[in-house]
Amino acid sequence: MAFFKTFINSPVGPKATHFWGPVANWGFVAAAMADILKPPEMLSGNMTGVMCLYSALCMRFAWMVRPRNYLLLVCHASNETVQLYQLSRWAKGQGYLQLKEDKPPST
């Protein structure tokens, strides 16, 4: 019981934004996971790229802020992973990641 009370009143407990911010951000991860079943043509390359940048910046913030916000760090690391996968699916669908075939020089 003492552990639970300590957690409730801690700087990263449910009485602080250090707790509710990461909880809300798990929605980004859930949405990206739901989009895995969609065809790559329905993905937005711009938005996925922005989400990758956003998560990378927030991971740095979560590491540098005092007290360190490990919940936010894990949330954005998960989001970064899923968004990078979605970005690779979008790039393959657009033809950016295809191997270029060498054409023999025409004479």
Compute the length gained on full extension between Lys92 and Ala24: take 0.36 nm times their separation in residues and subtract their Cα-Cα distance, giving the result in nm to one decimal. 21.5 nm
Protein accessible area in the chain, 1.4 Å probe - carbon and sulfur %: 68 percent
Residues with beta-carbon under 11 Å from that of Leu43, excluding Leu43: net charge, scoring Lys, Arg +1 and Asp, Glu -1? +1
Taking the chain as the reference, fit the longest principal axis to its C-alpha atoms, fit the long axis of helix 17-34 to the helix C-alpha atoms, and give the angle between the two in degrees, 0 to 90, nearest 10. 30 degrees
Pair Lys38, Val65: separation of 7 Å Cα→Cβ label points (nm): 2.8 nm
To the nearest Å², the heavy-atom accessible area per residue of the chain with 1.4 Å probe amounts to 73 Å²
For the chain, the Kirkwood Rh over every pair of distinct alpha carbons, in Å, works out to 16.1 Å
Return one number: the angle in degrees, 0 to 90 and rounded to the nearest 10, between the long axis of the Cα atoms of helix 70-94 and the longest principal axis of the Cα atoms of the chain. 10 degrees
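The values are calculated or read from the model by the stated rules, or taken from the named source; none is laboratory data. Remember, it's a predicted structure, so these values are computed and weren't measured experimentally. Virtual Cβ from ideal backbone geometry, glycine too; neighbours counted across all protein chains shown. Calculation scope for accessible area: heavy atoms of the full protein, side chains included, ligands and nucleic acids excluded. Shrake-Rupley method; radii C 1.70, N 1.55, O 1.52, S 1.80 Å.
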